[in-house]
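The values are calculated or read from the model by the stated rules, or taken from the named source; none is laboratory data. All of these numbers come straight from a predicted model, not from anything done at the bench. For neighbour counting, all protein chains shown are included, and Cβ atoms are generated from backbone atoms with ideal geometry for every residue, glycine included.
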Amino acid sequence: MSYAKLDKQQLTAWMAAAQKGDGESYRLLLDTIQPVIRRFVIKKVGALGLDEDVTQECLLAIHRARASFDPDRDFEAWMFAVVRNKIIDVLRKKQRSWDKEIGNDDLLATIPDDATNSEEESLKDSLEEALADLPADMREAIEMTKLLGLSTKEAAKKQGISPAALRTKVSRAYKILRDRLEAEYG
Amino acid sequence: MANHQNQFLDQLVGDLKPVTPIEKDGPALMKALSLSFAAIGGYLYLMGAFENVDLMWMNAVFYAQIVLIGMTFGICTWLSVKMARPEARMTWKVIGLASLPLLGMVALLVYGWMTEAPGGPMSMKRAHCTYEIFVMGWLPIVMLLGRLRKGYPTESRRLALTMGLAGVSLPVGFMHFACFYQPKHVLIYHLGPALVIVAIVFFIGRKLWR
């Protein structure tokens, strides 16, 4: 059933039945709200490519929070409050992991500028090759933040994307570089 | 991907168990207010804290302080009850307004202290106020925590603050009867431990409900 045409009282009725353990009503409710939540999530964090995971996290949060729904109140307001809160939660967690990854795991900084022994030189060459093979926007993101020392905000502005999207890009670029170097050097 | 989503929804449905919905705000508020009031008031009554109550009500400053702390208790308990539901969003402005009566009471006490306003003698000269505030302050907090078992608070810091204020304001108000208007004593031995409880609840709460 289309969400737009649905009587919103129906959602409340389904949730009230689900609170009593009615699996059929619960399934109808989940089938109806899942695409709505997905669209909402895409609108909020679509640029980060996290929409599927975040949608699932939101549905799980709704599942766990179902006792906090008062059937005399508006279901939509309750649902979006839970979803909004979960999105913020996920973004906070991501932010922390990005900060950790970008701040403490600086691959380029591990290569000394005046590398003298052959292993370091070879590693440096491999890294330069791997960098060159990165998609242009990822390479540019790494170069701006790590080689030119621009802040995330400045680099994001230059690329015309949000700081969060830039962090994702840098994070993915790191993963590609790390995988490649691990494959070569173990 | 659709298959994957379907499997996920199946899992949620499979995991479905009946739950009792959260208690409505009105009855929950009345329960929290009346039980806390009866328990803390009853204890202090048995301890003889209200012996000079007729005399106390003659003092306008005392009267104003009791009204202000009573307002803090009522408003903060109401906010804590509401914030157990995710859709009840409270701004810091609302929380600030809710704590205004408490600040008013503190201002009256500080003014009384500075100007050495004549107050009545402490009716009971109770040295163990600090411990009593500390013990009694937890009762309303524990009652409100009970509601959170079914709740889904989304404003952890605000909830923790209002819950702490709701918890301590009732014993602070009642203890006023026991230690009749002595600004310095009330500030140090009543509000001092009360603020410690508020700080503890705030730090625990923001970790618990993040």
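Considering (1) within 25 Å of B:S156 (Cα to Cα); (2) assigned to a helix (DSSP H, G or I), say which one B:Q65 fails and leave the rest.
Going through the list (1) within 25 Å of B:S156 (Cα to Cα); (2) assigned to a helix (DSSP H, G or I), B:Q65 breaks only (1).
Which condition breaks for B:L195 when tested against (1) within 18 Å of B:G96 (Cα to Cα); (2) in contact with a helix residue (DSSP H, G or I) (Cβ under 7 Å, 6 or more places away or on another chain); (3) not polar (S, T, N, Q)?
Here B:L195 meets the rest and fails (2).
From B:G42, B:G48, grab the single residue that is at pLDDT 80 or above and either farther than 24 Å from B:G167 by Cβ or under 24 Å from the mean Cα position of the chain (by Cα) (or both).
B:G42
From the list B:I66, B:I22, which residue is in contact (Cβ under 8 Å) with a residue 40 or more places away in the chain and away from every other protein chain (no Cβ under 14 Å)?
B:I66
Exactly one condition in (1) at the interface with another protein chain (Cβ under 8 Å from one of its Cβ atoms); (2) surrounded by fewer than 16 Cβ atoms within 10 Å (Cβ to Cβ); (3) in a helix (DSSP H, G or I) is false for A:G21; which is it?
It fails just one condition, (3).
Hey, can you tell me all the residues within segment B:1-19 that are in a loop (DSSP other than H, G, I, E, B) and in contact with a Lys or Arg (Cβ under 7 Å, 6 or more places away or on another chain)?
Matches in segment B:1-19: B:P18, B:V19.
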